[in-house]
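In what follows, a single structure is set out as structure tokens and then discussed.
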Amino acid sequence: MKEVSISGFNVVTPFGSGFDSLPGESISDFIISNCFEIDDNLESNLPLIKRSPREIKIPCISMYEAAKNVGINTRGEKKYTDIGIIVGTSFSNLKAIYDFYLDAEKYGIDKINPRLFPNTVLNSISGYASMLLGAVGANITISQGGESGVKLLEYAEDLLNRNILRKAIVCEVNLNVPTIFQHRIDYQLKPESISSLVLQIKDKGLPLNDFKIEHYDFRGKQSYAVLDIMYRLKLAERKVVG
């Protein structure tokens, strides 16, 4: 197995954007923060997602910022067949499905706003991100509950090691279930986070962060596997600066 390294990253939480905004020094500090929702008014000058719901807009902004750090900044003007997108999410399309239902109930099924439908599909986030970044390689959405973050990392490592991708943009989406559904699926409110990484095979000519999945113990960090890496990056940079 080749070494997979991190070349770009971004995290968005209720505390702001960037790992410097993360509270405390570990996932435990984040979970007990009791600050649950990401600001819906996150600023973006990206026309493609300007009118998209928060469930699509925030992850796309996060992936865009992570990719921008490594020169992937095309806004769709260039196509990268060797760059793929892998999103791990559980409930991100429920709000769009509910809005679609309300629209049908109000106006009738033959007068539904067609603009609402694409957002109801589970892979809508990765689809918009692909158009935004011109990343037209593998496009995958994983929805496996609390295991989604771990699985997307394993999937990315496999695609990179098999030379199917040169870079993998991964995004762990942890947004709360809409209030209307919370009592129906026995859901417990938790702090929201969107964590994005750009992963690639380590090149000795690049100053990348060493990253091997087997070095990480994700037990007790379900739903926050990629966010846990953000905390590790934060602590690693603090040691370098110190």
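In this structure, the amide hydrogen of residue 39, modeled 1.01 Å from its nitrogen in the peptide plane, lies closer than 5 angstrom to no residue at least 5 positions away or on a different chain.
Taking the inverse of the mean reciprocal distance over all distinct Cα pairs, the Kirkwood hydrodynamic radius of the stretch 1-74 comes to 13.9 Å.
Under a 1.4 Å probe, what is the accessible area of the stretch 1-134 per residue, stated in Å²? Don't skip to the answer; put the middle values down first.
Numbers: 6880 Å² over 134 residues.
Spelled out: the 1.4 Å probe surface of the stretch 1-134, per residue, equals 51 Å².
Ranking 179, 74 from most to least accessible surface, computed with a 1.4 Å probe over the protein chains only, gives 179, 74. Put simply, when 50-57, 190-197, 169-176, 28-35 are sorted by average Cβ atoms within 10 angstrom per residue, most first, you get 169-176, 190-197, 50-57, 28-35. Database remark: amide H of residue 141 closer than 5 angstrom to the amide H of 87 (H placed geometrically; neighbours at sequence offset of 5 or more, or on other chains; Pro and chain starts carry no H).
Tell me whether the stretch 16-142 comes out rounded, prolate or oblate; compute the Cα gyration tensor, take square roots of the eigenvalues as a ≥ b ≥ c, and use a/c under 1.5 as the rounded threshold.
Working: a/c = 2.01, a/b = 1.19, b/c = 1.69.
It is oblate, given that a/c is not under 1.5 and a/b is not larger than b/c.
If packing is taken as the mean number of other Cβ atoms within 10 Å per residue, what is the order of 157-168, 2-13, highest first? Each step should come with its number before you reach the end.
On the way: 157-168: 18.1, 2-13: 21.1.
Ranking, from highest mean packing down: 2-13, 157-168.
Derived scalar couplings between HN and Hα for the stretch 84-94 equal x, 10, 10, 10, x, 8, 10, 10, 5, 9, 5 Hz in order, rounded to whole Hz, by the Karplus curve 6.51 cos²θ - 1.76 cosθ + 1.60 (θ = phi - 60°), x for Gly and Pro. Taking amide hydrogens as placed 1.01 Å from N in the peptide plane, the amide H of residue 74 sits under 5 Å from that of no residue at least 5 positions away in sequence or on another chain.
The values are calculated or read from the model by the stated rules, or taken from the named source; none is laboratory data. Treat the numbers as computed from the prediction; the structure is a model and nothing was measured. Neighbour counts are summed over all protein chains in view; Cβ atoms, including those assigned to glycine, are modelled from backbone coordinates with ideal geometry. Quick note on the areas: whole protein, heavy atoms, side chains included, nothing else; ligands and nucleic acids left out. Shrake-Rupley method; radii C 1.70, N 1.55, O 1.52, S 1.80 Å.
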